[in-house]
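What follows is a single structure, written as C-alpha cells, with notes after it.
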Amino acid sequence: MDVIVRPTARLSGEIQALSSKNYTTRYLLVAALAEGTSTIYYPAHSEDSDAMRRCIRDLGAVIEEDQEKIVITGFGKKPSDVRELNVGNAGAVLRFLMSVAALSPEIKFVNTYPESLGKRPHDDLIEALQQMGAEVEHQSGKLPITIRKKAFQGGKIRVSGSVSSQYLSSLLFITPLLEEDSEIEVLHDLKSKVVVGQTLEVLEQAGIHIEASSDLMHFKIPGRQSYQAKEYTVQGDYPGSAAILAAAAVVESDVTVYRLEEHSKQGERAVVDVLKAMGVDLTHQNGVVHVRGGKPMKAGEFDGDEFTDGVLAMVAASVFAEGTSRFYNVENLRYKECDRITDYLNELRKAGARVEERQSEIIVHGRPEGIEGGVEINAHFDHRVIMSLTVAGLRAKQPIRIKDAQHVAKSYPQYFDHLKALGADVEWIEQ
Ligand SMILES: O=C(O)C1=C[C@@H](OP(=O)(O)O)[C@@H](O)[C@H](O)C1
Ligand SMILES: C=C(OP(=O)(O)O)C(=O)O
C-alpha cells in the first residue's frame, strides 16, 4: 500500500501518544523470564511488539490479553524446546532473544526480511555469546542464525558497543539467570547509551541486581538471580511522537500530545528541546506537549546519538529551518532498518531538500520557502523514513507518494490515522 501526502496548511487537535515500543519489548521479555504471572498495562501494539509477544509465546510463556493489559505467566530459566523463531523485522527483539536462545538446545532465527533485518550485522553479539560457550551458526554475522546452548555460562564477557547498544542490553537480560557471576566490559564506544538506561531501569523493576559503572562501560552481575513477577505500566513513546511533533512544527498548527513524561529515560525526549532550539513555539508540562507551529525555524547542531530514533524526524523539521543544521555522531543510523543516512537523504533529496552526508553526520541546508515534492518515495522498509518523509511532504509544493508505506506498522500502525485526525491530507492508495 502507498500513501499520498498532500501539502497541508494547518494541523490542529489532540492525540494520545502511542505506547512505548522499547518499554513494551523489555517488559514482555522480563515477564517471560519470570516464573510467576506479570501484568503489563497499556502495551504497544505494533509489528515489533507483536514479534516479541509471538516469540515468547513460542518459547513457552502463557499470554492472556484484553483492551488495556496483557497478563503473562513466564517460563523463567526454562524456555520450551522450540526449533525456530520468527522476529519479523524487529532488531531489538532478535538481539534480546539471541541470548535467551542460548538457554535452549538449538534455536534457528529465520530470515523473513532479507532486504532489511537480513542485512543488519549481529557479529559483536555472536562473538560475545561464543565467548560464553554457545555455538552459533550464521551467514557472516547475519540471519539466518542458529544458536546452540553447548557450554553456555557466565564469567568475564567483552562486547563491542560501537554498532548497537542492543548487544549489551541482551547480555544484561540473560547473565543474571546464569549459575556463574558475570562481569561485562564494553569495548570501543557505546552507541545509544541512553537506551541502556532503559534496560537497567526495567531490570531493577523486575527485581534484578546489577552494578553498573557510571559510564556504562563495566558491569558486575551476580548469577543465580530470578526475575520477579510484577505489574508494569508502559509510558508514551517519544520516537514515534517525534514525527507528530515535527509535523506540527513545520506547518501552522495547534497540536497537543498527551502521555509524554518529562522525566522519561527515553533519550528521544530530547526532541522537545531540539525543536525548541530550532525556535518552535512549544510547552512541555505534566506529560503534555503543546505545539503552535508554522513560525520561522532556525538551524542548529545536535548530537544525534542522544535521540537515535528521533533523528530522522528532526532532520525533516530542519529541512524548513533558516540556515545549515548538523546532526553529528549518527554513524550507527547506517545499521538500522536501512542505511538511515544514505538511503534517507537520497529520498529527501528527491523531494527537493538540500542535504549532504558524511560517514557519521547529516547536514541540512534549510529551505524555509518549502520543497518541490511531486515525486515517488522508496520507503526502504523503514517506518522512520516513512514517518519523516511524510513530515517533509506536508510542506512540499506538490504531493509525494510513499511506496509501501504499510511498513509504518513496525512501530506506529496508527500514524496516518493520527495525522488525519489532526487535519493532514494523507491518503492510503491500493497498489
Ligand atoms: O534497545 C532498544 O530497544 C533499541 C535500541 C536502539 O538501537 P541501537 O542500540 O542499535 O542504536 C534503538 O534504535 C532501537 O529502536 C531500540
Ligand atoms: C531501529 C529501530 O528498531 P530495531 O533496531 O529494534 O529494529 C527503530 O525502531 O527505529
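The values are calculated or read from the model by the stated rules, or taken from the named source; none is laboratory data. Please read these numbers as outputs of a predicted model, since none were measured by experiment. Cβ coordinates were reconstructed from backbone atoms using ideal geometry, including for glycine residues, and neighbour counts include every protein chain displayed. Heavy atoms of the whole protein, side chains included, go into the accessibility calculation; ligands, DNA and RNA do not. Shrake-Rupley method; radii C 1.70, N 1.55, O 1.52, S 1.80 Å.
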Next on the checklist: Rounded to two decimals, what is the ratio between the C-alpha radius of gyration of segment 21-224 and 2.2 N^0.38 Å?
Outcome noted: 0.94
Checklist entry - Tell me, what is the percent relative contact order of the chain, built from C-alpha pairs under 8 Å that lie six or more residues apart? => result 20 percent
Checklist entry - Classify segment 325-431: rounded, prolate or oblate, from the alpha-carbon gyration tensor (a ≥ b ≥ c, eigenvalue square roots; a/c under 1.5 rounded; otherwise prolate if a/b is larger than b/c)? => result oblate
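So how much slack lies between residue 187 and residue 68, counting 0.36 nm per residue of separation and subtracting their Cα-Cα distance, in nm?
Working: separation 119, 0.36 × 119 = 42.84 nm, distance 4.08 nm.
Working it through step by step, the gained length comes to 38.8 nm.
Can you give the % of DSSP beta bridges in the chain that are antiparallel, to the nearest 5? Could the numbers behind the result be given before it?
Numbers: 49 of 77 bridges.
Given both bridge residues lie in the chain, the antiparallel proportion sits at roughly 65 percent.
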Checklist entry - Can you give the angle from 0 to 90° between the axis of helix 91-101 and the longest principal axis of the chain, with both taken from C-alpha atoms, to the nearest 10? => result 0 degrees
Checklist outcome for this item: So the angle from the long Cα axis of helix 383-394 to the longest Cα principal axis of the chain, reported in degrees to the nearest 10, equals 10 degrees
Checklist outcome for this item: Taking GluC sites (Glu not before Pro) as exposed when in a DSSP loop with at most 13 other Cβ atoms inside 10 Å, the chain has its longest clean stretch at 263-368
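Over the chain, average the accessible area per residue using a 1.4 Å probe and give it in Å², no decimals.
Values: 15790 Å² over 431 residues.
Here the residues of the chain average 37 Å² of exposed surface.
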Checklist entry - What distance in nm separates the simple spin-label points at residue 290 and residue 80, each placed 7 Å from Cα in the Cβ direction? => result 5.1 nm
Item to check | Cα-based Rg / Dmax (Å) for the chain | outcome: 21.2, 62
Checklist entry - Using +1 on the beta carbon of Lys and Arg, -1 on that of Asp and Glu, and nothing else charged, what's the dipole of segment 290-380 about the Cα centre, debye to 20? => result 360 debye
Next on the checklist: Could you tell me the calculated FRET efficiency between residue 179 and residue 10, based on Cβ-Cβ distance and R0 = 56 angstrom, to the nearest 0.05?
Outcome noted: 0.35
Checklist entry - Given the rule -39500 (n - 2.57) for each run of at least 4 DSSP H residues, summed and divided by the residues of the chain, what is its mean residue ellipticity at 222 nm, to the nearest 500 deg cm²/dmol? => result -8500 deg cm²/dmol
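If each residue of separation counts as 0.36 nm, what is the full-extension length gain between residue 146 and residue 252 once their alpha-carbon separation is subtracted?
Values: separation 106, 0.36 × 106 = 38.16 nm, distance 5.14 nm.
Here the answer is 33.0 nm.
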Checklist entry - Amide H neighbours of residue 287 under 5 Å, counting only residues 5+ apart in sequence or on other chains, H built in-plane at 1.01 Å? => result 262
Checklist outcome for this item: Using a 1.4 Å probe on heavy atoms of the protein chains only, the accessible area for residue 42 in Å², nearest 10, reads 110 Å²
Item to check | In range of the label at residue 131: residues from segment 161-193 whose backbone nitrogen is under 13 Å from the point 7 Å along Cα→Cβ | outcome: 161-162, 167-169, 171-172, 182-189
Checklist entry - What is the spin-label model distance, in nm, from residue 213 to residue 346 if the labels are put 7 Å beyond Cα along the C-beta direction? => result 4.0 nm
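Compute the FRET efficiency between residue 263 and residue 231 as 1/(1 + (r/R0)^6), taking r as their Cβ-Cβ distance and R0 = 30 Å, and round to the nearest 0.05.
Plugging the Cβ-Cβ distance into 1/(1 + (r/R0)^6) gives 0.90.
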Checklist entry - Once both labels are modelled 7 Å past Cα along the beta-carbon direction, what's the residue 112-residue 298 spacing in nm? => result 4.9 nm
Checklist outcome for this item: Helix 21-32 sits off the longest principal axis of the Cα atoms of the chain, rounded to the nearest 10 on a 0 to 90 degree scale, by 20 degrees
Checklist entry - Given just the C-alpha atoms of segment 1-120, how large is their convex hull per residue in cubic angstrom? => result 133 Å³
Checklist entry - Classify segment 55-110: rounded, prolate or oblate, from the alpha-carbon gyration tensor (a ≥ b ≥ c, eigenvalue square roots; a/c under 1.5 rounded; otherwise prolate if a/b is larger than b/c)? => result oblate
Next on the checklist: Just want the answer: with Cβ charges of +1 for Lys and Arg and -1 for Asp and Glu, which residue in 128, 160, 386 is farthest toward the dipole's positive end in the chain?
Outcome noted: 386
Next on the checklist: Could you compute how much accessible surface residue 283 exposes when probed at 1.4 Å, giving the result in Å² to the nearest 10?
Outcome noted: 60 Å²
Checklist entry - Of 197, 228, 239, which is farthest on the positive side of the dipole of segment 194-240, counting Cα position, with +1 on Lys and Arg Cβ, -1 on Asp and Glu Cβ, and the Cα centre as origin? => result 228
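Accessible area of the chain with a 1.4 Å probe: how many percent of it is carbon plus sulfur?
45 percent
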Item to check | Cα shape, segment 184-267, gyration tensor, a/c 1.5 rule | outcome: oblate
Checklist entry - With every protein chain kept in the model, how would you rank 48, 303 by accessible area, 1.4 Å probe, largest at the top? => result 303, 48
Checklist entry - Taking a probe of 1.4 angstrom, what is the accessible area of residue 96 in Å², to the nearest 10? => result 0 Å²
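How much length, in nm to one decimal, is gained on full extension between residue 162 and residue 428, taken as 0.36 nm per residue of separation minus their Cα-Cα distance?
Details: separation 266, 0.36 × 266 = 95.76 nm, distance 3.84 nm.
Result for the pair: 91.9 nm of gain on full extension.
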